[in-house]
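Following: one structure in structure tokens, then a few remarks.
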Amino acid sequence: MNKILMISYFAPPINSPASIRVGKFANYLPEFGWKATILTVKELSYYKKEPELFPNVLESDIIRTESIDPMRLLKLLKRRNKEQDLAAKLHQKGEGLTNKIKGLFPIDDKIGWLPFCIKKAGKIIKQDKFDAIYCTIGGTNSHAIAAYKISKKYGIPLVIDIRDPWADHIFSTGTWYNNILNNYWEKKVYSHATKLICVTEGFKKIIMDKYNFPNSKIDVISNGFDDFAEGNYKKASNEIIFTFAGNMYKDILPDKLYDLLLKIDDKYWNDLKLKLRFIGNYRSKFHSLLEDFNSRKPGNIAVEVLPFMAKASLNKFLHESDALLIFLPDRDGAEKIITTKFYDYLPYKKPIIAFCSKNGELAESIISNKLGFVIDHSDSKEKLLEILELSKNNELEKIHAEDDYIYSNSRKQKTKKLAILLDSIK
């Protein structure tokens with residue numbers, strides 16, 4: 001069986017987009033002739049562990065090293081409660097501060113893992129033969145330098161998996177020297193890589209326009225869904241339930257939804273009850289926005305905020321929802337994003353309501369496949385009223401992904417595409 005070394009700062013059993021992408025690839029790759037070894041960091045602060053998401057990824061297949069980056073150092077605080085309290089406070093109330101601090105690091109704030117990653121990767125490769133090196137980046141990019149150095153030293157083909165743009169990330173807050181370093185290393189790493197993978201066509205276009213690489217150098221393998229549980233749940237009341245499950249950060253907020261709801265005449269709610277449900281751990285900006293909305297909303301609109309929960313518990317809430325929500329920021333570059341949440345929602349066969357640019361890739365996927373609705377940042381209340389009327393008339397439930405489309409977006413099918421790519425470069 002072929003062997004691949006997968007380098008990722010985030011890895012199982014952490015429940016995060018990067019960890020899940022790597023973990024699911026590692027889970028299914030053996031079915032297509034590839035055995036994965038994951039190189040990652042030891043236990044981190046704040047991030048939730050959910051081992052049940054990775055039933056076939058053995059701990060023996062994961063090699064963990066030390067690091068001196070902030071997330072690892074927080075975990076090394078002697079008093080665990082102190083570590084948890086500090087991490088929670090930084091997440092909820094310190095987004096502005098943490099972003100400024102992150103911007104001071106060269107490349108990114110995870111660069112403290114770089115020497116540990118390079119040293120350990122060298123030892124692993126000396127002990128075993130690998131046919132390819134895979135490195136996933138997106139927001140956290142510095143370990144791609146380690147993958148580049150190891151690939152170059154040992155002559156092993158390198159695949160860089162780009163979940164978000166590196167130097168051209170829409171939420172970049174780096175300093176001038178940070179921007180110089182990111183552009184320098186991005187070009188060096190991407191040019192050396194045998195293959196680049198992007199999760200959207202838009203991200204591929206950014207790289208093609210910037211470096212004029214041949215089309216054959218870059219493949220698109222989008223995210224997918226997994227860990228879906230069938231269910232037959234019934235709501236406890238006759239209210240309409242719109243649910244959002246996941247994180248919100250930077251400019252990703254439900255402000256447009258709140259704004260449109262407040263523009264609907266109060267009399268409309270006399271015979272209709274709506275519940276907005278948010279499931280996740282949210283920052284102070286989210287709670288301030290919610291407090292303002294609660295002070296002005298009609299009585300028949302309720303807002304329920306539930307904490308982050310394991311997928312097994314989350315299934316129930318998604319099944320009993322009438323529609324599932326996605327929010328993207330109103331800024332340049334967001335039109336190229338298709339959030340992982342989109343794929344997570346597909347198997348529940350619920351209409352998706354996306355607040356995003358109508359000219360973006362997410363909008364195109366929803367509209368062309370008749371998966372739900374897109375509310376542009378410039379739209380008026382009429383689009384939302386149309387959705388509410390469909391729900392009142394029991395028509396909303398007819399709008400959802402078809403089985404073939406759902407199947408094509410499973411993590412197993414995405415891994416099959418990765419295996420075909422790997423077979424072509426070994």
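The values are calculated or read from the model by the stated rules, or taken from the named source; none is laboratory data. In this text, all values refer to a predicted model and were calculated from it rather than measured experimentally. With ideal geometry, Cβ positions are generated from the backbone for all residues, glycine too; neighbour counts draw on all protein chains shown.
Some points to look at:
- Qualifying positions in the stretch 138-157 - in contact with an Asp or Glu (Cβ under 7 Å, 6 or more places away or on another chain) and either buried (at least 24 other Cβ atoms within 10 Å of the Cβ) or within 18 Å of I118 (Cα to Cα) (or both): T140, N141, S142
- Looking only at residues in the stretch 334-374 that are in contact with a His (Cβ under 8 Å, 6 or more places away or on another chain) and more than 23 Å from L385 (Cβ to Cβ), the one that is surrounded by the fewest Cβ atoms within 10 Å (Cβ to Cβ) is K349.
- Residues located in the stretch 340-363, provided they are outside any strand (DSSP E or B), over 16 Å from D330 (Cα atoms) and in contact with a strand residue (DSSP E or B) (Cβ under 8 Å, 6 or more places away or on another chain): K341, F342, Y343, D344, Y345, L346, P347, Y348, K350, P351
- Tabulated pairs, the stretch 382-408, first free of Cβ contacts under 8 Å to residues at least 40 places away in the same chain and under 21 Å from E320 (Cβ atoms), second not in a helix (DSSP H, G or I) and not polar (S, T, N, Q), C-beta under 8 angstrom, 6+ apart or interchain: L390/I399
- Any chance K263 is touching a residue at least 12 places away in the same chain (Cβ under 8 Å), of a type outside the set (G, A, S) and more than 18 Å from I279 (Cα to Cα): yes
- Condition check for L76 on (1) at pLDDT below 85; (2) closer than 26 Å to I38 by Cα; (3) of a type in the set (A, V, I, L, M, F, W, C); (4) under 21 Å from the mean Cα position of the chain (by Cα): one failure, at (4).
- Qualifying residues in the stretch 147-179 (those that are of a type in the set (V, I, T) and under 20 Å from S19 (Cα atoms)) - the one nearest to the chain's Cα centre (by Cα): I162
Quick grid of which residues meet (1) surrounded by fewer than 18 Cβ atoms within 10 Å (Cβ to Cβ); (2) of a type in the set (S, T, N, Q):
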| site | (1), (2) |
| --- | --- |
| K119 | yes, no |
| I133 | no, no |
| V159 | no, no |
| D164 | no, no |
| W176 | yes, no |
| V189 | no, no |
| T200 | no, yes |
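- The condition of being in contact with a Ser or Thr (Cβ under 9 Å, 6 or more places away or on another chain), surrounded by fewer than 18 Cβ atoms within 10 Å (Cβ to Cβ), within 24 Å of S391 (Cα to Cα) and among the aliphatic types (A, V, I, L, M) holds for only one of L272, L262, that being L272.
- Residue list for the stretch 12-22, filter: touching a strand residue (DSSP E or B) at 6+ places or on another chain (Cβ under 8 Å), buried (at least 24 other Cβ atoms within 10 Å of the Cβ) and within 9 Å of F54 (Cβ to Cβ): P12
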